[in-house]
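Here's the structure we're looking at; comments come further down.
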Amino acid sequence: MYNFTGITPKVNSSSKKSPREGRYIDHHLPSYNNESFDDILNDKVIQIFQKTLATLESEVLQINTKDYYVYTGLSGLSLLFWNMSLGQEDQNHYRMSKHLYEQSYLLWQQKATRASKKSISTFLEGDIGLQCIGCLISLREEKFEDFREMFNLILGVSNGILNQVGNSSSVSYELLYGVGGYLQGLIFLKKSLNNCVNLEKMADFKVVVVERLNQVITLLVRHIVVKGQEFSLGCQSPSPLMYEWHGSKYIGAAHGLAGIIYMLIEGITLVGTSMDSIEQQFKEEITLIKGTMDFVISCQLASGNFPSRKENQEDRLVQWCHGAPGIITTLTKCYQFFRDDKYLVPCKSASECLWKYGLLSKGVGLCHGISGNAFTFLSIFQKTKNISSLYQAVEFAKSCCSPQIFELLHIPDNPLSLFEGKGGLIWLLHCLIQLKKKWNE
Ligand SMILES: [Zn+2]
């Protein structure tokens with residue numbers, strides 16, 4: 001574990017009751033002071049990351065759960081090791097991924113997971129996550145019939161969504177349980193298949209796969225926009241697109257506008273051949289997305305954070321699912337897509353809030369943990385090349401490797417999982433180590 005010197009961290013608490021009480025570690029980490037990339041990710045730091053990574057990997061393989069979803073279950077860890085196996089002919093991580101997938105597959109067949117409480121199958125909280133990984137593993141194993149079967153199953157879900165008739169108020173559009181989360185699965189699949197050599201071996205079916213994915217992604221983007229516009233008009237929302245989840249109009253990443261807008265932009269980018277063609281094909285959608293992001297930006301609080309919804313101005317959560325981190329990720333996406341610096345202004349004040357309150361006491365997962373918040377800094381670095389954001393990501397990652405910090409963290413319900421637990425930290429450390437390798441190439 002990393003030896004964290006010179007800092008006396010403590011979980012924030014004060015006699016004056018604050019809404020953030022107990023949620024973050026008061027860290028006093030040194031601010032960025034013109035360190036270079038090599039200063040930040042120096043050999044010593046990389047060694048600490050590698051050592052921690054090796055320990056964590058064997059730990060998460062001990063997971064014992066009947067949950068096969070990506071968010072907190074076996075498919076999440078299968079996805080993690082799949083991602084780690086890419087680009088380096090890494091048989092070991094691939095074997096782990098396949099093993100976890102096979103376990104997930106059996107659970108799926110037995111329907112042993114918790115009873116489905118939602119109508120849409122999504123990438124993070126539904127069968128689609130497992131099925132997308134199944135597609136990739138079948139292709140890698142050259143089991144083309146299995147691939148066809150799984151692919152058709154995934155695309156078949158779109159019929160029910162696109163052909164909704166009558167009252168659709170029970171359908172949600174957010175990422176975790178809604179149509180946006182189904183779109184996320186198709187986007188993941190399309191991006192993964194773009195780099196898949198074995199798809200070439202399917203000759204005729206390759207064309208079908210690419211065309212059907214493009215077609216369904218396009219239809220879903222339009223469908224989500226139409227539904228958001230209808231709902232916005234119906235409730236006279238100041239945002240041109242609005243959605244509701246469990247009766248609340250959220251603006252964050254997991255259940256609200258930021259997550260949905262991120263997927264709409266990804267979908268539009270993936271099916272377009274050039275920026276000109278995209279602007280032609282999705283002219284109306286792009287105008288509505290821009291207007292919606294203006295609304296999201298207008299919700300920013302004086303601290304730089306964002307409330308979970310406009311109606312509730314409480315400045316409480318600073319995590320991917322609710323608050324600044326998830327919205328920063330969409331702001332940097334907008335900056336890249338619209339090539340407009342205006343998105344960097346709210347991003348800057350939000351990232352200052354994230355640095356101050358983002359070392360969360362809830363653990364190291366991606367959803368409401370330190371790794372998710374470190375990834376937010378990394379997303380700013382990747383889109384803007386702003387080295388101070390890399391510094392902040394690495395400081396948060398180092399904190400997760402420090403026993404002094406780690407012992408202050410609460411143990412989440414699913415401590416080994418990708419979105420709540422150590423799986424998220426493995427992904428973060430792996431990405432930082434890969435970043436260093438690429439930088440030196
Ligand atoms: Zn969360």
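We did not get these values from a lab; they are worked out from the coordinates using the rules stated. Computed from a predicted structure; not experimentally measured.
Of note:
- Averaging 1/r over each pair of different alpha-carbon atoms in the range 230-370 and inverting the result gives 15.4 Å, the Kirkwood hydrodynamic radius.
- Full-extension gain in nm, Asn42 to Asp204, via 0.36 nm per residue minus C-alpha separation: 53.5 nm
- Three-way shape call for the range 314-374 based on the alpha-carbon gyration tensor, with the a/c threshold at 1.5: prolate
- Whole-angstrom gap from the range 240-297 to the range 129-184, using each part's C-alpha centre: 20
- Contact order normalised by residue count of the chain, Cα under 8 Å, 6+ apart, percent: 19
- The range 325-420: radius of gyration and largest Cα-Cα distance (Dmax), Å: 13.8, 43
- Using the alpha carbons alone, the radius of gyration of the range 173-255 stands to its Kirkwood radius in an Rg to Rh ratio of 1.12.
- Across Lys98/Lys290; Lys385/Lys422; Lys201/Lys227, pairs whose alpha-carbon gap is larger than 32 Å: Lys98/Lys290; Lys201/Lys227
- With coordinates expressed along the principal axes, the C-alpha atoms belonging to the chain extend over 60, 53, 43 Å, beginning with the largest.
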